[in-house]
C-alpha cells in the first residue's frame with residue numbers, strides 16, 4: 001500500500017491518501033524535478049506531482065506520510081504526470097472550442 005500526503009491549506013495539516021499499489025520497503029520514489037525556477041524556490045501547488053488516480057482519502061496528519069503530492073485539478077489531469085500536457089488549458093482544440101462558444105454566446109446576447 002502506497003501513502004501520499006497533500007497539504008491542506010484550510011486545516012494546516014496534510015491530507016493522507018492511500019492506494020492499493022504495493023510498495024517495497026527499500027523502494028524510494030524518483031525525485032521530482034521542479035519545472036519553475038524562482039528566487040524563493042518551487043511552488044508546492046503546481047511543481048509537485050499530482051496524486052495517482054484511484055487514491056483514497058484516509059485521514060489527516062501533521063507529519064508527512066509517504067510521498068508529498070498535490071491534488072489533481074479534476075479538469076483533465078489524470079494524476080501521475082505532474083500536470084503536464086493533460087489539463088484543459090493545455091489542450092489547444094478544447095480551448096479553441098470554448099472560445100468559439102463564448103464568442104457566439106456573447107454575440108448572440110449583444111444582438112438581442
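The values are calculated or read from the model by the stated rules, or taken from the named source; none is laboratory data. Note that the coordinates shown come from a computational prediction; the quantities given were computed from them, not determined experimentally. Virtual Cβ from ideal backbone geometry, glycine too; neighbours counted across all protein chains shown.
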Practice problem: Give me the pairs, please: first residue somewhere in the stretch 92-112 and on the phi > 0 side of the Ramachandran plot, second residue anywhere and modelled with pLDDT of 90 or more and assigned to a helix (DSSP H, G or I), beta-carbon distance under 7 Å, and either six or more positions apart or on two chains. | Solution: none
Quiz prompt | Enumeration of residues in the stretch 39-57 that are within 19 Å of residue 9 (Cβ to Cβ) and either modelled with pLDDT under 70 or surrounded by 12 or more Cβ atoms within 10 Å (Cβ to Cβ) (or both) | solution = 42, 43, 44, 45, 46, 47, 48, 49, 50, 51, 55
